[in-house]
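First the structure, in the form of structure tokens, and then the observations on it.
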Amino acid sequence: MPRIVLLGPPGAGKGTQARSLADRLRVPHLSTGDLLREAARAKTSLGEEADVYMRAGRLVPDELVLRILRERLGRPDAANGYILDGYPRNVAQANELDRITAIDRVLAFDIPEAVLVERLTQRWTCPKCGTAYNLATRPPKTAGTCDLDGTPLAQRADDAPAAVRTRLAVYNEQTAPLLEHYRRKGRLTPIDATGDPGQVAGRLRIALEART
Ligand code: AMP
């Protein structure tokens, strides 16, 4: 029962890898970012409250994220494992997660900051299925529409340059300390996240086969 956390800065490719890994291992991809964006689009009160923080590139308060995560983890498809993407993002969330469940592996995406800024500002995403495109390195086959379902692509509000700077600062201050948290527990495997998605997927596969 694989319970895997993908840890890494925004733009490291966690979402892209989480989706293919989840398909391969036949477990759900649980992205707190996707769940919060969904709630914001549905205009639930939680979603509207979260949206203010998300647009600014700041962390949504722990109790709101935890509420949405608990609900998702409680659904039947999460009973046999999952790929957790975007949670935990600070030490309090990691402690909360330790109370809820036992995580098997934490795969930490390692990538230089200059590459992240480049990726985030060129990123367009399908609002329906979440597939991410990069105008420079992975453009859609037809300009402006998703290859998989034809939905018009959108740029995330928090991929604007000011929000990107905030998100990177938040990552360095609040999320990066989790590397040490999981290293101490012997759960951490660093993954070189440079290169194209196929290369990174190959490294993930090797890391997961090496030790389970
Ligand atoms: P992501 O799609 O993972 O980049 O998340 C997008 C945004 O959602 C983040 O910049 C935060 O505002 C919010 N968010 C996602 N996950 C969390 C979390 N675990 N804790 C707090 N905020 C989160």
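Each value in this text was obtained by applying a stated rule to the coordinates, not by laboratory testing. What you see is a predicted model, and the numbers here were worked out from it, not measured in a lab. Positions of Cβ are generated from backbone atoms using ideal geometry, with glycine treated the same way; all protein chains shown enter the neighbour counts.
Before moving on, here are some points about what is shown:
- Computed FRET value (nearest 0.05) for VAL52 with ALA162, which takes r as the C-beta separation and R₀ as 25 Å: 0.95
- Using a simple spin-label model with pseudo-atoms 7 Å out from Cα toward Cβ, ALA169 and ILE206 lie 3.7 nm apart.
- Compactness of region 21-107, taken as the C-alpha radius of gyration over 2.2 N^0.38 Å, stands at 1.08.
- Area projected by the alpha carbon convex hull of the chain, averaged over all directions, nm²: 11.0
- Approximate spin-label separation ALA78-VAL115, in nm, with each point projected 7 Å along Cα-to-Cβ: 3.0
- Listed by chain and number, the aspartates and glutamates whose C-alpha is less than 18 Å from the C-alpha of LYS128, apart from same-chain residues fewer than 8 away, are ASP23, ASP34, GLU38, ASP51, ASP85, ASP147, ASP149, ASP158, ASP159.
- Taking LYS128, LYS141 and counting other C-beta atoms within 10 Å, the order from fewest to most: LYS141, LYS128
- The distance between label points at ARG184 and GLU63 comes to 2.6 nm (points 7 Å beyond Cα on the Cα→Cβ vector).
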